[in-house]
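A.B. asks: I'd like to ask some things about the structure below.
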Amino acid sequence: MPTFRTGLLLASLLLSACSMPILQEFQPTQAEKTPTQDITTEKSTSTKNDLTELVTPVTDDTAKQSTSIEAATVVEKNDQLIEQFEAQKQLASTNFIELKSRIGNAPALPRLLDIEQLNKKEINSAIQQLRTYISKTNTDLAVLNARVDDRQRLAADGDLIRIFLSEATVTHNSNKFKAQPLVGQWVRGESRVIRLKDSILFENPRSEDLHITFSETYQLVVNNQTIATVNPHKEKNSASFSVSTHDNQGAIVGKLDYRIVIDK
């Protein structure tokens with residue numbers, strides 16, 4: 001009996017000794033937990049930093065690109081505004097010159113500063129002034145054209161003149177030629193462009209435009225320069241001229257004979 005009890009005691013001790021190491025293997029110590037947490041924290045911080053580095057440059061580039069687009073848009077709009085200003089200014093000047101030569105006078109052009117001295121608001125205002133002037137002078141030209149049409153159908157004394165261009169020498173850059181004689185009939189208030197061609201060669205490419213106007217004030221105007229005042233009661237006369245070419249790069253020197261047409 002004592003032997004049996006001794007055996008049971010030894011067996012219990014043996015089982016206890018075998019089970020203790022197994023339990024310890026599944027219980028990590030505090031020292032084992034800390035490195036794992038540190039590694040996890042480092043990875044999280046590193047991931048955030050990496051994301052920040054990736055996102056920040058993209059945001060900066062987008063902002064810069066947006067600013068560049070806005071700046072380019074502003075420049076483009078300003079360029080368009082300047083183009084409108086220059087186009088309207090040129091058209092107003094053309095109307096002024098035409099009315100001045102055909103009627104003898106024209107409404108004064110708007111007094112404007114150079115485009116470099118104007119801000120955006122002032123440029124818009126200048127464009128509006130030019131448009132108003134162009135609208136008015138277009139109306140004046142339309143009325144003048146109607147009067148010219150009436151004179152073509154029923155001319156009064158002094159309303160018709162016949163012009164014979166007897167001489168004309170054109171000097172332009174290194175070219176110089178004598179033009180073929182030309183003849184034509186103008187109504188008072190009418191302005192026309194004739195083409196001067198070389199008198200020697202029929203198909204010679206050398207040629208030049210000549211702008212002739214018989215104004216309502218009985219003046220003969222050649223390339224915007226008055227060369228004579230016509231006496232509507234005197235049948236025949238002549239006038240010499242020396243004027244610039246249309247691009248101001250050459251000269252045209254010549255003579256024309258004219259006479260009042262009594263009967264159409």
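A.B. asks: Please find, within the stretch 77-113, the residue that is nearest to the chain's Cα centre (by Cα) out of those that are of a type in the set (Asp, Glu) and farther than 30 Å from VAL221 by Cα.
C.D. replies: GLU83
A.B. asks: Here is a follow-up. So LYS48 fits all but one of (1) open to solvent by less than 80 Å² (accessible area, probe 1.4 Å); (2) modelled with pLDDT under 65; what number is the exception?
C.D. replies: (1)
A.B. asks: Out of (1) out of contact with any Gly (no Cβ under 6 Å at 6 or more places or on another chain); (2) not in a strand (DSSP E or B), what's the single condition that is false for LYS178?
C.D. replies: That leaves (2) as the condition not met.
A.B. asks: Going by the conditions given, is SER125 open to solvent by 30 Å² or more (accessible area, probe 1.4 Å), assigned to a helix (DSSP H, G or I) and modelled with pLDDT under 95?
C.D. replies: yes
A.B. asks: Read through the list (1) open to solvent by less than 30 Å² (accessible area, probe 1.4 Å); (2) touching a Phe, Trp or Tyr at 6+ places or on another chain (Cβ under 6 Å); (3) in contact (Cβ under 8 Å) with a residue 24 or more places away in the chain; (4) under 23 Å from ASN248 (Cβ atoms), then give the number of the only condition that ILE163 fails.
C.D. replies: If we test ILE163 against (1) open to solvent by less than 30 Å² (accessible area, probe 1.4 Å); (2) touching a Phe, Trp or Tyr at 6+ places or on another chain (Cβ under 6 Å); (3) in contact (Cβ under 8 Å) with a residue 24 or more places away in the chain; (4) under 23 Å from ASN248 (Cβ atoms), just (4) comes out false.
A.B. asks: Restricted to the stretch 185-206, and to residues that are in a strand (DSSP E or B) and touching a residue at least 24 places away in the same chain (Cβ under 8 Å), which residue is surrounded by the fewest Cβ atoms within 10 Å (Cβ to Cβ)?
C.D. replies: Per the criteria, the residue is GLN185.
A.B. asks: Could I ask something else about it? Might you check whether a residue that is at pLDDT 90 or above and surrounded by fewer than 10 Cβ atoms within 10 Å (Cβ to Cβ) occurs anywhere in the stretch 53-74?
C.D. replies: For the stretch 53-74, residues at pLDDT 90 or above and surrounded by fewer than 10 Cβ atoms within 10 Å (Cβ to Cβ): absent.
A.B. asks: Let me ask another. Here are some residues: THR217, THR169. Which one is over 15 Å from ASP257 (Cα atoms), in contact (Cβ under 8 Å) with a residue 40 or more places away in the chain and in a strand (DSSP E or B)?
C.D. replies: One residue alone meets the criteria, THR169.
A.B. asks: Answer yes if at least one residue in the stretch 212-235 is touching a Ser or Thr at 6+ places or on another chain (Cβ under 6 Å), of a type in the set (Val, Ile, Thr), at pLDDT 95 or above and surrounded by 16 or more Cβ atoms within 10 Å (Cβ to Cβ), and no otherwise.
C.D. replies: The answer is yes, given that some residue of the stretch 212-235 is touching a Ser or Thr at 6+ places or on another chain (Cβ under 6 Å), of a type in the set (Val, Ile, Thr), at pLDDT 95 or above and surrounded by 16 or more Cβ atoms within 10 Å (Cβ to Cβ).
A.B. asks: Looking at (1) out of contact with any Pro (no Cβ under 7 Å at 6 or more places or on another chain); (2) over 18 Å from ARG102 (Cβ atoms); (3) not acidic (Asp, Glu), can you tell me which one ILE260 breaks?
C.D. replies: (1)
The values are calculated or read from the model by the stated rules, or taken from the named source; none is laboratory data. Computed from a predicted structure; not experimentally measured. Quick reminder, even Gly has a Cβ in these numbers, built from the backbone with ideal geometry, and neighbours come from all protein chains shown. These area figures cover heavy atoms from the full protein model, side chains too; ligands, DNA and RNA do not enter into them. Shrake-Rupley method; radii C 1.70, N 1.55, O 1.52, S 1.80 Å.
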